[in-house]
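I have placed the structure first, in the form of structure tokens, so that the comments after it can refer back to it.
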Amino acid sequence: MSKRALITGVSGQDGSYLAELLLSQGYQVFGLVRRSSNERLERIAHLADSLVLVRGDLLDHTSLVRAMEEARPDEVYNLAAQSFVPTSWQEPVLTAEFTALGATRLLEALRQVAPRARFYQASSSEIFGKVRVSPQDERTPFWPRSPYGVAKLYAHWITVNYRESYGLFACCGILFNHESPRRGVEFVTRKITREAARIRLGLARELRLGNLEARRDWGFAGDYVRAMWLMLQQPSPEDYVIATGEMHSVREVCEVAFDELGLDWREHVVHDAKLVRPAEVDLLVGDASKARRDLGWKPEVGFQQLIRDMVRADLRDLSGRI
């Protein structure tokens, strides 16, 4: 009998890649979607005949219990959240409700309905925040620098608490930045690749950005969902940092993206102080040695290939709309 998996956030970047992976492994995949009049399911449209969509909302515990009863999952992947850091400054309470308390509601539904199911919580490198040690691994102290980072840290620790208190098989993946052509256009990498393509096509003239010197560890989302799945296949639940171990600046993303299009980024990128975060996270770079050792995981797509693939995808998409 095939395994059954429930994915929250199935319509997002990570959810869509994870659904593809699990389907390729023979799973029956259930995706949790909110009851909304304008659902955005473009990323999973090609999977429509293979996925089972169930209604539920991280703000509503009762709906999560119903979804758990319908899916009867062997594995649960909690990828849903208010995940855009700048928005967390504008809507800190909503971010806490979705990202922090939403994880608690889902864990409680799991405990009540499917306590033997294996649980994955999407933690974030943003919980490291104002780093005091580089690179960051599973033992690095946390110091989040945004309402999003604080909410993710709560979700991380409540997952650990449920594991230790109730004996659940619950893991946290502390994933560093991971991108793809399916990344939301509000995120800086996709904003850069999208606007670079628009400039190349004559649809725009400049790209406004905040801190060009912020440095991150950027990987490919398709590689990272494979790590999520591997965590739940282990004999015991543990938490893992997932990262490439390489650090690149926002400026480097611009250089690679515009170079792919034969453009000089310096002629089009404009610094905008209004886009700088109230409390900036200057650098994040992960040490995934534990994941390499225990899971046999390593990234397959490098930084240059990732950004160039994103640019080419945006150029194809925009060219088809002209």
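The values are calculated or read from the model by the stated rules, or taken from the named source; none is laboratory data. Given the structure is predicted, the values throughout are model-derived calculations rather than measurements. As a convention, Cβ positions derive from the backbone with ideal geometry for all residues, glycine included, and neighbour counts pool all protein chains shown.
Of the residues Glu70, Glu108, which is acidic (Asp, Glu), assigned to a helix (DSSP H, G or I) and farther than 23 Å from Ser16 by Cβ?
Working: Glu70 fails: farther than 23 Å from Ser16 by Cβ.
Sole residue among the options that is acidic (Asp, Glu), assigned to a helix (DSSP H, G or I) and farther than 23 Å from Ser16 by Cβ: Glu108.
Per-residue answers, yes or no, for (1) over 23 Å from the mean Cα position of the chain (by Cα); (2) assigned to a helix (DSSP H, G or I); (3) farther than 24 Å from Ala197 by Cβ; (4) modelled with pLDDT of 95 or more:
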site	(1), (2), (3), (4)
Glu246	no, no, yes, yes
Glu255	yes, yes, no, yes
Leu263	yes, no, no, yes
Asp294	no, yes, yes, yes
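Scanning the range 196-242 for residues that are of a type outside the set (D, E, K, R) and closer than 19 Å to Asp309 by Cα yields Ala196, Ala197, Ile199, Leu201, Trp218, Gly219, Phe220, Ala221, Gly222, Tyr224, Val225. Pairs linking a residue in the range 152-174 that is assigned by TED's automatic domain parsing to the domain that holds Asp74 to a residue that is aliphatic (A, V, I, L, M) and in a loop (DSSP other than H, G, I, E, B), with Cβ atoms under 6 Å and 6 or more positions apart or on different chains, are Tyr162/Leu168. Answer yes if at least one residue in the range 118-129 is part of a loop (DSSP other than H, G, I, E, B), closer than 19 Å to Gly245 by Cα and among the aromatic types (Phe, Trp, Tyr), and no otherwise. Yes, there is a match, as at least one residue in the range 118-129 is part of a loop (DSSP other than H, G, I, E, B), closer than 19 Å to Gly245 by Cα and among the aromatic types (Phe, Trp, Tyr). Selection within the range 217-239: residues that are aliphatic (A, V, I, L, M) and in contact with a Cys (Cβ under 8 Å, 6 or more places away or on another chain). The member of this set that is nearest to Asp294 (Cα to Cα) is Met231.
Go through the range 204-244 and report how many residues are small (Gly, Ala, Ser) and part of a loop (DSSP other than H, G, I, E, B).
Taking the range 204-244 and keeping what is small (Gly, Ala, Ser), we get 204, 210, 214, 219, 221-222, 227, 236, 243.
From what is left, the residues that are part of a loop (DSSP other than H, G, I, E, B) are 204, 210, 214, 236, 243.
Qualifying residue count for the region: 5.
A count restricted to the range 302-322 and to residues that are at pLDDT below 95 and either in contact with a Ser or Thr (Cβ under 9 Å, 6 or more places away or on another chain) or part of a loop (DSSP other than H, G, I, E, B) (or both) stands at 1. Pairs linking a residue in the range 111-126 that is more than 14 Å from Arg4 (Cβ to Cβ) and touching a residue at least 12 places away in the same chain (Cβ under 8 Å) to a residue that is among the polar types (S, T, N, Q) and in a strand (DSSP E or B), with Cβ atoms under 8 Å and 6 or more positions apart or on different chains, are Tyr120/Asn78; Gln121/Asn78; Ala122/Asn78; Ser125/Gln136.
Of the residues making up the range 126-159, those that are of a type outside the set (Lys, Arg) and under 15 Å from Gly102 (Cα atoms) are Pro147, Tyr148, Gly149, Val150, Ala151, Leu153, Tyr154, Ala155, His156, Trp157, Ile158, Thr159. Looking across the range 157-182, the residues that are surrounded by 23 or more Cβ atoms within 10 Å (Cβ to Cβ) and in contact with a Ser or Thr (Cβ under 7 Å, 6 or more places away or on another chain) come down to Ala170, Cys172, Gly173, Ile174, Leu175, Phe176, Glu179. For the range 101-109, the criterion of being among the acidic types (Asp, Glu) and either surrounded by 22 or more Cβ atoms within 10 Å (Cβ to Cβ) or touching a Phe, Trp or Tyr at 6+ places or on another chain (Cβ under 9 Å) (or both) is met by at least one residue. Of the residues in the range 268-279, none is touching a Gly at 6+ places or on another chain (Cβ under 7 Å), in contact (Cβ under 8 Å) with a residue 40 or more places away in the chain and part of a strand (DSSP E or B).
Condition (residue is surrounded by fewer than 18 Cβ atoms within 10 Å (Cβ to Cβ) and more than 20 Å from Gly12 (Cα to Cα)) applied to the range 74-89: is it met by at least one residue?
yes
Cβ-Cβ contacts under 8 Å between residues 6 or more apart (or on different chains), taken from a first residue in the range 239-259 that is free of Cβ contacts under 8 Å to residues at least 12 places away in the same chain to a second residue that is aliphatic (A, V, I, L, M) and outside any helix (DSSP H, G or I), are absent. Is it the case that Phe98 is buried (at least 17 other Cβ atoms within 10 Å of the Cβ) and closer than 29 Å to Ser236 by Cβ? No. Out of all the residues in the range 98-105, is one or more part of a helix (DSSP H, G or I), in contact with a Pro (Cβ under 8 Å, 6 or more places away or on another chain) and closer than 21 Å to Leu153 by Cβ? Scanning the range 98-105 turns up no residue that is part of a helix (DSSP H, G or I), in contact with a Pro (Cβ under 8 Å, 6 or more places away or on another chain) and closer than 21 Å to Leu153 by Cβ.
Of everything in the range 197-234 that's small (Gly, Ala, Ser) and surrounded by fewer than 22 Cβ atoms within 10 Å (Cβ to Cβ), which residue is nearest to Arg251 (Cα to Cα)?
In the first step, residues of the range 197-234 are kept if they are small (Gly, Ala, Ser); the result is 197, 202, 204, 210, 214, 219, 221-222, 227.
If we keep only those that are surrounded by fewer than 22 Cβ atoms within 10 Å (Cβ to Cβ) as well, we get 202, 204, 210, 214, 222.
Numbers: Gly202: 22, Ala204: 19, Gly210: 10, Ala214: 8, Gly222: 24 Å.
Taking the candidates together, the pick is Ala214.
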